[in-house]
Every structure is written in C-alpha cells, then in structure tokens.
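Worksheet: the structure to be examined is printed underneath.
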Amino acid sequence: MAKSTIAIEGMSCAACVRRVEEGLKSLEGVSSAAVNFATSKATVEYDPARVDENSIRGRIVEVGYEARLEEPAGGQKNTAVLIGGMTCAACVRRVENALKAVPGVENASVNLATSRATLAYSPRMADWSSIRNAIEEAGYQYLGIHGEEAEDPAEAARASEIVELKRKFVFGAVLSVVIMAGTMQHSIPFLHAFPRPAMLYLLLVLTTPVVFWVGDRFLSGALKALRQKTADMNTLVALGSLSAYIYSAMATFFPNFFTEGLSEPPVYFDGAAMIITLVLLGRILELKARGKTSEAIKKLMKLTPKTARVVRDGEEMDIPVEEVVGGDVLLVKPGGRIPTDGRLLSGNSTVNESMLTGESMPVPKNSGDEVFAGTINQSGSFTFTATKVGSETALAQIIRLVEEAQGSKAPIQRFADKVASVFVPIVVVIAVLTFLTWYFAVPGHVLSRALLNFVSVLIISCPCAMGLATPTAVMVGTGLGAENGILIKGGESLERAHSLNTVIFDKTGTITQGAPEVTDIVAAEGMSEAELLRLAASVEALSEHPLARAIVKKAEQGGIKPETVYGFDSQAGFGSQAEIDGSVVAIGSGRFLETSGIAAGELGARAAEFEKSGKTCVFVARDGKPAGLLALADTIRPSAQRAFALLKRMGLEVLMITGDRRETALAIARQAGIERVLSEVLPGDKAGEVRRLQKEGRVTAMVGDGINDAPALTAADIGIAVGAGSDVAIEASDITLMSDNLLLVPAAIKLSMLSMRVIKQNLFWAFFYNTVGIPVAAGVLYPFFGILLNPMYAAAAMALSSVSVVSNALRLRLLWKKQSSITG
C-alpha cells in the first residue's frame, strides 16, 4: 500500500469533509481516506497497482474541490529567486500569479524591496525551466537563484540600473529644461524672434528622444503588461507621457484642427519630457533608499574573514576560509576575527561577540569554551578546533534566517496587494471619465484642458508606494533585530509580536541562571566561614553533583584550594564523607546528618528559614559535630528584574511557569518582581497552560530555553527562545535571542511595535496620497478655487511618494536609537 497527503482547497464545513472522504473511499483501490478540516488535508492509503495519484486528485475535483499533492517530509523545497524589472505593487501581483500558475509551485511570495520571490515547490512536479519561463513571459528578468553566487545578482542589477538611470536622467533633465524654455517662448526675451511653428518642430525633435529613449523602460513595461492583459505603474506613466506627446505633435502638424483657426493651440512637450524625467529621478532615489534597507545583511556578510590560519603537520599556514574542514586546528591572534565556529584547545582570551549577540561586554574564553565565526578576539592568542564550517556556522545560519525574514511578507501586506491588483485598471477608468467629463460636460469643450486632467490623474496614481510600504519596514525591522541579537523569523512574527498582552517566562534556565550558587555560609561556633568552605569543597571536589560543583566554584572564587582527602564515600541523594587532616568530614542533607546520629541543633532552625525562601541547604559536620551549613539557590539573571519592569511599563502582564513546588517558585518570583506564578506544572502540561490563557482572550508570548519548552513555544502566539538554550527550542520559536540577556525580550516586542507603527504610517500615507491626489488631479477643486494640477507637479509628487515611504521605513533606525536604553 502507498500513502499520499493531499492539500484540499474549498472545504467550508464538516459536511465537506464527509463528502471528500466518501468520494475517495468509493474509488477502487483506495483502502482508507482521512480528511482533516483544520489542516485542509487528506491522508489516503491506496494500492498503486489499481489507482494512481492523479486519479485520486481527479476524484476530489469531481466532488467539487481543488487538490494538490504534498511532498513527503523533506520533499518540498523552498528557494529564493531574484527578479529584475519590477517597479510597483502591480508587478508583484503579476509575478506571484505567474509563478503560482506553474504546476508544482505550492506558493510564491514576491518582495518588491528585495527583488526576490520565495518559492515553495515540488521538484517532482515543477521543473526549473518552467519557473524561469513564467518569470520571463510575465515580462521580467530572471536573475538567478539567491545565494548561488558570491555577489548578489539583485544588488549588482540594482547598481547597474542606477548607473544607467543616472545617465538617462542627466540627458532627460538637460533636454527638459531646454524644452520648457521653448514652450514658454513668449516669456523669454531672446526667443521672441524665433518663429513659433519652427519652435514647435524643434520641441518635437527634442522631446522625442526623452519620451522614447529616456522613457523606454516605461514604454516597454507597459507593452509587457498589455501582453499579459494587465496594467501597472509603467502603464500609467506611458499613457500619461504619450498622451501629452501625441497631442502636442498633432497640434504642431495640424494646429487648425485643434483651434479652428482662432488661436495657437497649447502644447505640452514640456509636460511629456518632465513627466519622464521626474519619474526617473524618483526611481533613482527609491533604488538608492531601498539599497540602504539591506544594510544589516551586508554587515553580517562582511563579518567572516576571507582567510584562516590553520595548523597542519605542525606548521602554520594561511588558507581560504572555504577550505577549512571540521577538525582543523586554527590559530587566532589578538585583534583577529574568528573564521569558523569551534571549541578552544589552548590559550585564553576575551572575545567581542556583540555582532552576534548584541552584548557589548567581551566574553572570557578558556579551554573547552565555544567560539563563533565573525566574532573578534581581543586580548590573547589561542588555538581552537573547527566544529562547524561554511553554511553550518552560527553566523551563516543567522544570515540565512535574516534573509528569509526580509524576503517574507507581513499579513498586513496582503490587503495592499489585493488593492494593487485592481488599482491600475480603476485609475485608467477614472482618468477616462475625467477626460470625458471635462471635454463634454464642462462648458467650452476645451480638448487641451481635458487632456491635462486626464494625464494628471494617470501620473499621480502610481501604486509604487503601496508595494513598498510593508516590505521595506520588515527589512529594516528584522535587520535591526539581527544587529542587536534578536532574530525574527519573518514578517508574520514581526507583526504578531506588537499585539501581545501576556508574556510567560519559564523559570529554570530562563529567569534563573540554570545552575545553583552558594548564597549563604553559616559557620558553627569556633569555625570560620573560610574553614567551613575549605572542608566542604575538599569533600565535594570528588563529586559530580550540581550542588557539589557550586560549592567548589564558590571556594575557587575565594582563593580556597581543596585539600587531599582519604576514604571518600558517597551515598546518592544523601551526601558524602571523607577524611581530611585526620578528621572525618561529612556533608549532605539534614536527613544524612540524622542517619549519622548528628543533631543539627541551631543550624536546623536557620536551615528552615532558608528553605522557606526557596533555598537548598547542605550541612557540614566534623568528627560527629555540626560545623555549619551552606545555602544554595538558582539565582535570577541580572537582567531579569529590569526586563520585567519594562514589560509591565509597556502594559504587558508577566507570568512565571515552572515545575518547582510553589514555595520555591514564589520565592524566585518575589525576587524577580513577578506577581503571578504557575507552579508545579509538568513539562508536558506547559503547552496546555498556554492554551488555557489563550482561551481567556490573552495574546501570549512564551519565553524558554529548554527542550521541554518547545511545545509551549509552539503553542504560544509568539515563541521566544533564549539563544543559550537547545536547538529544539530555537527551531520551535518565532523569535530567537542570541544571548541570555532578558532585556532583549522587551526590546523585541518594542521593535515589533515600532515596525508596525511605521508600516501603518506607510500604508496610511500611500492610500491617503492616492485618495486625495486623484480627485485633485481630476479637477474637483477647480469649481471652488480654480485649481488644476499640472502633470509635471503630479509626476514630482508621484516620485516623492515612493521615496517618502522608503525614507519613513529607514526612520526606524532613528526610532530604535531612542529606545536603545531598553537593551541596557
């Protein structure tokens, strides 16, 4: 028997599920069919000798639904394709539709700001040539697969385009100034003597190269759109400039037809030339501004050095970093950048990891510690073994995540895309109605005035700003996050985070350090704290228990070295004892002392106080008499209290969830400043607690670091993984913090809020601009104020609209700097 999973579109209720299941089960050769309404998928078991996948899909279509075969696990591929020639939101829509029409392409998401299309497709059903052909047949350039070349083809194409546009702009600008002067001949004294007919023929000659060479991109783009039976920004610019040009040319050759011999007809050669020139200027400014939105990726890519010093057969040699393999021993000197991920073999130093984690303080590194590609060695030389190279390094994975996030779409963009898909045809209709109204309904039947308003409506209505409003802000927001140690997995995560009202923190390893520390030392009468710690550390140095390691660490911090012990004996779960300097020293729980016949005395009362505050107590006895006790606790992270205070100030409720007993949990919560605690929650029940809060109407974020946090991270509206945690937790999260600094949690949410504020501003101004601009261009103010919009002003306004949207997105950096105190 074979099994296939089929995605089904069009189901709206449980009756649909029943209809599909019965239809599939009635097919000869199908042994079982299970349809899941929530996932819109059917799992079908069948005999491939009697029925094939196409027949199964055909039966689904027969019962009234659409079907797509899904790849088995790991079968579907996701690839980013670079596309040239897109200019506005209508282009985005056209490319997406063309790609989705390719058999085997599951989904296509096009980002205008990055000139990139992200495809989810089945290699079994879609060949790459058909994908490439779909892009080219839609009228755009296929620039290759993103990441397959050292130089980004999209960046190279953008740079080349800017150079070409600058050359054409300068040519167009010079001619436009001359044309404008010739059009206003009567206002310029030294041109008075030049015959008007001869001047018009000269203007025609000068305007022709501006329209057909400087503006060839708009004309060819409009022609491509026409072949696809659609319209875009190029259509509007081409119609506007050609209308002004053709009318003026006709008025030059046949003036009597337009004036009936009464006066000279007005011409708009200057308008046709200036429209092209100003729109081209806007395109140059837009391309330059869009280039700045990808600065984060450029900075990350520059972090990896080109060469690495490797030690092979006892000799040091410099080799290209691409030739480093796992297991190589590499040498890094002070000031050098670490070429790959690895683990220290010898030497020690401090390493600046701010480019990965956002933490400004250097991190001490000793033998056995991990180092990461792209970070900077500061004080000492060391050797390390390469553990991850090339695309496996943490830096390479961060670059990949940021690229994917910047190429993704925020859900709010879908509305703009839908509007853009019908916007241009509606504008053309409005422009035609404007022309007809001004020519037939307004007294005078002035053709030039009707044409002027027709052109103004077309030119001012460019949908570029709509297409750039969201993706530019997503690019800047995710890039800013990456620069500050916050990896946001996509536009959807960036958008959702701003609506949170509840943040749930796991306790162990997230709020706390995840390892116990000695917090209190109580010595019995006649015993000093230093002596007590020496005895305890000497015995515990032979134990691997976490509490024992914490005691030894405390002694090392105080400069106390463990003594040699004899006759060491350990009882799991109780304690240990050994002989030191002729005395028998026992260390362990209060129960261990009781079984040894040692009374805790006053130390028992102190221990009870410590335990009420959530601490664990370890007793020490020497020669059968109590010597003192050590209190240990898993201390909270230094950043915890301030992080929780900031979250509360932002209006969010902060909760702690833990499997610990309530007394211990409350003690930690009091220290951290958290009022609400979910205690004694088993690892498997954390996700259930998250869902329970969601049923109460809360929009939740779960912050955790362990494998047992992964289900809760997935269940939450936003999962935030602390980067020091497990790979499973990071994979299950929507946002990953590259360090254990909890101040990054409010920083990530604040970044989402700022990004959404900018996106909403961009969309508002994009729609507001067209809502106001189109009626003004159509002449609604003329009856009241005598105002008509010159097409040249419309062209300037249209060009500036795109630039203003991109500039507003770049303003995110300024807004973020004002919030820089959040990350400490």
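Numbers at a glance
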| quantity | calculated |
| --- | --- |
| Output for the stretch 97-139, where each listed residue is open to solvent by less than 10 Å² (accessible area, probe 1.4 Å) and among the acidic types (Asp, Glu) | none |
| Candidate set: the stretch 119-147, residues that are modelled with pLDDT under 85 and of a type in the set (S, T, N, Q); chosen: the one nearest to Arg93 (Cα to Cα) | Ser130 |
| Number of the exception - Gly467 against (1) closer than 30 Å to Ser243 by Cα; (2) modelled with pLDDT of 90 or more | (2) |
| Residue list for the stretch 548-571, restricted to those being buried (at least 18 other Cβ atoms within 10 Å of the Cβ) and part of a helix (DSSP H, G or I) | Ala548, Ala550, Ile551, Val552, Lys554, Ala555 |
| Candidates Ser354, Ser360, filtered to the one that is open to solvent by 80 Å² or more (accessible area, probe 1.4 Å), closer than 18 Å to Ala482 by Cβ and either among the small types (Gly, Ala, Ser) or at pLDDT 85 or above (or both) | Ser360 |
| Selection within the stretch 679-697 - surrounded by fewer than 18 Cβ atoms within 10 Å (Cβ to Cβ) and of a type in the set (Lys, Arg) | Arg691, Arg692, Lys695 |
| Of residues in the stretch 632-678 being free of Cβ contacts under 8 Å to residues at least 40 places away in the same chain and of a type in the set (A, V, I, L, M), the one most open to solvent (accessible area, probe 1.4 Å) | Ala645 |
| Checklist (1) more than 54 Å from the chain's Cα centre (by Cα); (2) assigned to a strand (DSSP E or B) applied to Gly526, failing item | (2) |
| Scan of the stretch 509-520 for residues that are surrounded by 19 or more Cβ atoms within 10 Å (Cβ to Cβ) and either out of contact with any Ser or Thr (no Cβ under 9 Å at 6 or more places or on another chain) or part of a helix (DSSP H, G or I) (or both), ordered by number | Gly509, Thr510, Ile511, Val518 |
| Residue in the stretch 460-471 that is without any contact (Cβ under 8 Å) to a residue 60 or more places away in the chain and either of a type outside the set (Lys, Arg) or assigned to a helix (DSSP H, G or I) (or both) present | no |
| Candidates Leu532, Leu593, filtered to the one that is surrounded by 14 or more Cβ atoms within 10 Å (Cβ to Cβ) and over 56 Å from the mean Cα position of the chain (by Cα) | Leu593 |
| Residue count, the stretch 731-781 (criterion: among the small types (Gly, Ala, Ser), touching a helix residue (DSSP H, G or I) at 6+ places or on another chain (Cβ under 6 Å), buried (at least 22 other Cβ atoms within 10 Å of the Cβ) and closer than 23 Å to Ile412 by Cβ) | 5 |
| Subset of the stretch 572-581 that is of a type in the set (Gly, Ala, Ser) and modelled with pLDDT of 85 or more - its residue that is surrounded by the fewest Cβ atoms within 10 Å (Cβ to Cβ) | Ser576 |
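For every residue, the table says whether it meets (1) touching a strand residue (DSSP E or B) at 6+ places or on another chain (Cβ under 9 Å); (2) open to solvent by 80 Å² or more (accessible area, probe 1.4 Å); (3) among the small types (Gly, Ala, Ser); (4) modelled with pLDDT under 80.
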position	(1), (2), (3), (4)
Ala14	no, no, yes, yes
Val17	yes, no, no, yes
Gly29	yes, no, yes, no
Ser40	yes, no, yes, yes
Thr43	yes, no, no, no
Asp47	yes, no, no, no
Ile56	yes, no, no, no
Ala67	yes, no, yes, yes
Glu71	yes, no, no, yes
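The values are calculated or read from the model by the stated rules, or taken from the named source; none is laboratory data. Since we're looking at a predicted model, the values are computed, not measured. Heads up, the Cβs are rebuilt from the backbone with ideal geometry, glycines too, and the neighbour counts pull from every protein chain shown. The accessibility values were calculated without ligands, DNA or RNA, using every heavy atom of the protein model including side chains. Shrake-Rupley method; radii C 1.70, N 1.55, O 1.52, S 1.80 Å.
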